[in-house]
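The values are calculated or read from the model by the stated rules, or taken from the named source; none is laboratory data. Note that the structure is predicted; figures quoted are calculated from it, not measured. Using ideal geometry, Cβ is built from the backbone for each residue, glycine included, and neighbour counts are taken over all protein chains shown.
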Amino acid sequence: MNIIIIGPAHPLRGGIAALNERLACQLLDEGHDVEIYSFSLQYPGLLFPGKTQFTDSEPPKNLKIFKAINSINPFNWLRVGRQIKKKRPDIIIVRYWLPFMSPSTGTICRIARKNNHTKVIAITDNILPHESRPGDRQLTRFFTKSVNGFVAMSKNVFDDLDIFISNQPKRLSPHPIYDHYGKSVPKSTAKEKLLLSPDYQCLLFFGFIRDYKGLDLLLEAISHDKIKSIDNLKLIIAGEFYSNEEKYLALIKELGIEKNVILRTDYIAEDQVNLYFCACDMVTQPYKTATQSGVTQIGYHFNKPMLVTNVGGLPEIIEDQKCGYVVNPDPESISNAISDFYTNNREGFMVNEVIKAKERFSWENFTKTIFDIYNTCNSSQKN
C-alpha cells in the first residue's frame, strides 16, 4: 500500500516524532511505500515552552520525510492537501495530540480524501488535552470530521472519542514499545558514562517536565524520612523544563533534598536515553493526569520496573505489584511504593515480570489495528 503519515518527524524532536518514524520503519519492513509529511513550522516560537523544537541527531535512514506543513498558514494547508490528494495514497495516518493542530491537519485531510480513494486514520494521543483552553472542543470536532477511523492508545481516549464521533470505526491498541533507543548496557557501565557513583541507587523521572506530570508529588515523596534513610538513593530528573523551573528548584530546596536529587534538565539526546534507563532501578511516573505515555514503553524496552499513578491509561500498561506499582497520585502512596521496592528487594522479581508482559506491545499488533480499521472503512463504503 501507499501510505502517508502526517505528523512531526526529524529534525523535530519528541515522543510523537519518534513514534511516527518508528511506525514508518515498521510499515516499510512490512512491504509498504511510506512517506512522512512533517512540519516546516510546527509551533510559533511564542507558543513553544522549551528551548528548541529541533534535534541535533542524524536523520533516520531510508525514510522519506518532507518538511511541508506550516501550522499557521491556511494557504499552505490548501497546497499540501491538494498535493496529497493527487498522490492518491491508500491511507493517511494522521497524529492528533493537540487542538492547536486541528485547523492545519484537519484541512489537509479533508482535501486529500476528496479523491474518493484515500482513507484517513487518526492515531489519537489525546482527544481532550491535559491543559484545556477555550475552543478545544470545537477544534477537536473539526478534526474528527475529517477522519474515517481512529486508533486510541488508552481506554480513556477511546471513551473520549464518543464525545466527538458517531459512526466512524475506532479501535484500542496500546502504545507499542520504543525499541529504537539503543541496546541495554550493564547498570555499572551506564552509571560510569553518566558520571554517577556506582553506589547510587537510582530512580528516574524522564521526559519533558510539565505540571501535570506530578514531579512535585515525587519530590515530596522523596523528602519522607523512610525514603531519605535509604542508602545512596538518588532521584535523577532527566528532561527539559516545559513548566516553571524556579518553582521546582525552590521546592527541592524547601524540602531539603538537594543531596537526593540529580538534575539533568537539558534535552536528553537519543544516544543518551539508554544510559539513563539502564542506570536506574525503577522509572517513576507520578502523573496527575494522563492518557498514555511513551516513557513506559521505553521502560519496557529496557526491562525496567515502573511506578505509575492510577490516572488515565497508565494502569492499563503496568500490572500492580508485578511490573511495578500503580499508586494514588499523592506523596504518601508514592513514598510507600518506593520504600517497599527497596526494603523488600523487589527489583529482580519485577524485571522478570516486565520481560514477560512486554510481548503484548508489539509493532505488528499496532499496524494490524490500523489495517483492520482501513478494511472496515472500505467495507462500509461498499455497503
Requested in this report: Only strands (runs of 3 or more DSSP E) wholly contained in the range 148-212 count here; list those with 2 or more residues that are in the same structural domain as GLY348 (by TED's automatic domain parsing) and either buried (at least 20 other Cβ atoms within 10 Å of the Cβ) or small (Gly, Ala, Ser) (or both).
Outcome: 201-206
Query raised in the report: How do the pairs read when you match residues in the range 145-160 that are under 18 Å from ASN115 (Cβ atoms) with residues anywhere that are of a type in the set (Gly, Ala, Ser) and not in a helix (DSSP H, G or I), using Cβ under 8 Å and keeping only pairs 6 or more apart or on different chains?
Result: VAL147/ALA122; GLY149/ALA122
Query raised in the report: What number of residues within the range 184-219 are more than 22 Å from THR296 (Cβ to Cβ), among the charged types (D, E, K, R) and touching a residue at least 24 places away in the same chain (Cβ under 8 Å)?
Result: 3
Query raised in the report: How about the range 282-309: which of its residues are at pLDDT 95 or above and surrounded by fewer than 21 Cβ atoms within 10 Å (Cβ to Cβ)?
Result: ASN303
Report task. Confirm whether SER243 is in the same structural domain as VAL327 (by TED's automatic domain parsing), in contact (Cβ under 8 Å) with a residue 60 or more places away in the chain and either in contact with a Leu (Cβ under 9 Å, 6 or more places away or on another chain) or surrounded by fewer than 13 Cβ atoms within 10 Å (Cβ to Cβ) (or both). Result -> yes
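Every residue, every condition in (1) surrounded by 14 or more Cβ atoms within 10 Å (Cβ to Cβ); (2) in the same structural domain as ALA221 (by TED's automatic domain parsing), yes or no:
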site	(1), (2)
GLU316	yes, yes
SER333	yes, yes
TYR342	yes, yes
ARG346	yes, yes
ILE355	no, yes
TYR374	yes, no
CYS377	yes, no
Query raised in the report: Taking only pairs six or more apart or across chains, which ones have beta-carbon atoms under 6 Å, a first residue in the range 329-355 that is at pLDDT 95 or above, and a second residue that is of a type in the set (Lys, Arg)?
Result: PRO329/LYS288; SER339/LYS226; GLU353/LYS322
Query raised in the report: Out of the range 112-144, which residues are over 19 Å from LEU78 (Cα atoms), among the hydrophobic types (A, V, I, L, M, F, W, C) and either free of Cβ contacts under 8 Å to residues at least 24 places away in the same chain or in contact with a Cys (Cβ under 9 Å, 6 or more places away or on another chain) (or both)?
Result: ILE121, ALA122
Query raised in the report: GLU246: part of a helix (DSSP H, G or I), out of contact with any strand residue (DSSP E or B) (no Cβ under 9 Å at 6 or more places or on another chain), of a type in the set (Asp, Glu) and over 24 Å from HIS301 (Cα atoms), yes or no?
Result: yes
Query - From PHE66, PHE75, PHE100, residue being among the aromatic types (Phe, Trp, Tyr) and without any contact (Cβ under 8 Å) to a residue 12 or more places away in the chain - result: PHE75
Report task. Search the range 79-95 for residues that are closer than 14 Å to SER146 by Cα and surrounded by 22 or more Cβ atoms within 10 Å (Cβ to Cβ) and pair each with any residue that is aromatic (Phe, Trp, Tyr) and at pLDDT 95 or above when their beta-carbon atoms are under 8 Å apart and the residues are at least 6 apart or on different chains. Result -> ILE91/TYR374
Query raised in the report: Do you know which residues across the range 135-178 are within 21 Å of the chain's Cα centre (by Cα) and among the aliphatic types (A, V, I, L, M)?
Result: VAL151, ALA152, MET153, VAL157, LEU161, LEU172, ILE177
Report summary line: Among VAL273, VAL261, VAL326, the single one that is modelled with pLDDT of 90 or more, more than 18 Å from VAL185 (Cβ to Cβ) and under 19 Å from the mean Cα position of the chain (by Cα) is VAL326
Report task. For the range 276-304, name all the residues that are among the hydroxyl-bearing types (Ser, Thr, Tyr), under 24 Å from PHE158 (Cβ atoms) and over 15 Å from the mean Cα position of the chain (by Cα). Result -> none
Report summary line: Exactly one of PRO89, PRO103 is outside any helix (DSSP H, G or I) and in the same structural domain as ARG13 (by TED's automatic domain parsing), and that one is PRO89
**Report entry** Where PRO315 falls short, out of the listed (1) under 19 Å from the mean Cα position of the chain (by Cα); (2) in contact (Cβ under 8 Å) with a residue 24 or more places away in the chain; (3) under 22 Å from LYS288 (Cβ atoms)
**Finding:** (2)
Query raised in the report: Only one residue in LEU98, LEU19, LEU28, LEU128 is among the aliphatic types (A, V, I, L, M) and modelled with pLDDT of 95 or more, so which one is that?
Result: LEU28
**Report entry** Identity of the residue in the range 118-147, of a type in the set (Ser, Thr, Tyr) and surrounded by 24 or more Cβ atoms within 10 Å (Cβ to Cβ), that ends up nearest to LEU314 (Cα to Cα)
**Finding:** THR124
